[in-house]
1. Helix 2-27 versus the longest principal axis of the chain: what angle, 0 to 90°, nearest 10, using Cα atoms?
2. With a 1.4 Å probe and all protein chains left in place, how much of the accessible area of the chain comes from carbon and sulfur atoms, in whole percent?
3. When the helices in the chain are scored as -39500 (n - 2.57) per DSSP H run of 4 or longer and the sum is shared across all residues, what 222 nm value do you end up with, to the nearest 500 deg cm²/dmol?
4. As a test, work out the antiparallel percent of DSSP beta bridges whose residues both lie in the chain, rounded to the nearest 5.
5. Taking trypsin sites (Lys or Arg not before Pro) as exposed when DSSP calls them loop (any state but H, G, I, E, B) and at most 16 other Cβ atoms lie within 10 Å, what is the longest stretch of the chain free of them, the sites themselves excluded?
6. Note the full-extension length gain between Asn112 and Asn130 as 0.36 nm times their separation in residues minus their Cα-Cα distance, in nm to one decimal.
7. For the stretch 33-258, which semi-axes, largest first and in whole Å, follow from the square roots of 5 times the eigenvalues of its Cα gyration tensor?
8. Using 0.36 nm per residue, how much length does the chain from Asp224 to Asp71 gain when fully extended, once their Cα-Cα distance is taken away?
Amino acid sequence: MKRGVCIAAVVLLLVLVVAITLGVTLRRKPPQQTFKETFIARCHLAIKGQYKGSDCETIWSTFEQAYVGRDPCKIPTDAYNPLFQVAPITMTCGKAMFWSKTKDVVHAYNENTKCFVTMEDTLLGSVLDNLIWCGKEGSNKTFTSGCPDWNACKDNPVRSFWTQGSTKFAEAACGDATVMLNGNIATPFDNSSVFGSVEVPKLNSAKVRKLTVVLVTATTPVSDCSNESLNELRQKLDSKIGYECKEVSETRISECASNDVSCTNCW
């Protein structure tokens, strides 16, 4: 009898151990994607659309050559030149949309209308948007923590990528180009922003006919199209490129996105 009780106790203990182990396993979070896995997954998603025929593995290997094993504060913009050769930026004329301090508004609008193409809508832009990466000397790995932030050093991997990408994006613009600027701040055009310091100087008057500023405003806007900073933009812009400014409420932009208004009728 005692032997039977012991056996039963052992069996019960084993069942409890298995149940606890199984419970812990089920509660355990699935492993997070590595940076490479995220990169490749986003790339495959992009090439299902307008970028069919691109080779994500080649793009990845070219990408990591720009920064892996290198000082994360010594990655110049031209380190990404080979990357933009294997995944060049191309677009339909009249589709280029630039932005400064209006990212959420631009992308919410564009996600629904598909009227424009931003840098973040290009193959490489869509893959790397909101990601952080860097390498370290003596290592063949990609790191996503401990990397210098945007302003820590000028030649860090993330900043150099977006600077070079913005350069290529501006150079690819043709026809009529558009930029959304924030009319709820005192200086909608910031000369030191990526748009002001990188993209505006790279707009080619032989290709770009006009730049339309869409000044996004709230109910009580801080700035209008007569704002001094916009005059600075006009002066900085190649004189052969036409200029137009339109004040458009954020509410109107939301209505355009939700009501399937024609791309030419929102402003």
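1. Taking the Cα atoms of the chain, the angle to 2-27 is about 10 degrees.
2. Answer for the chain: carbon and sulfur cover 52 percent of the accessible area.
3. -12000 deg cm²/dmol
4. Roughly 5 percent of the beta bridges in the chain run antiparallel, per DSSP.
5. The segment 155-206 is the longest one with no such site.
6. 4.5 nm
7. 32, 19, 17
8. Extra length available between Asp224 and Asp71 comes to 50.7 nm.
The values are calculated or read from the model by the stated rules, or taken from the named source; none is laboratory data. It should be emphasised that the depicted structure is a prediction, and the values quoted were computed from it without experimental measurement. With ideal geometry, Cβ positions are generated from the backbone for all residues, glycine too; neighbour counts draw on all protein chains shown. Only protein heavy atoms, including side chains, enter the accessible area calculation; ligands, DNA and RNA are left aside. Shrake-Rupley method; radii C 1.70, N 1.55, O 1.52, S 1.80 Å.
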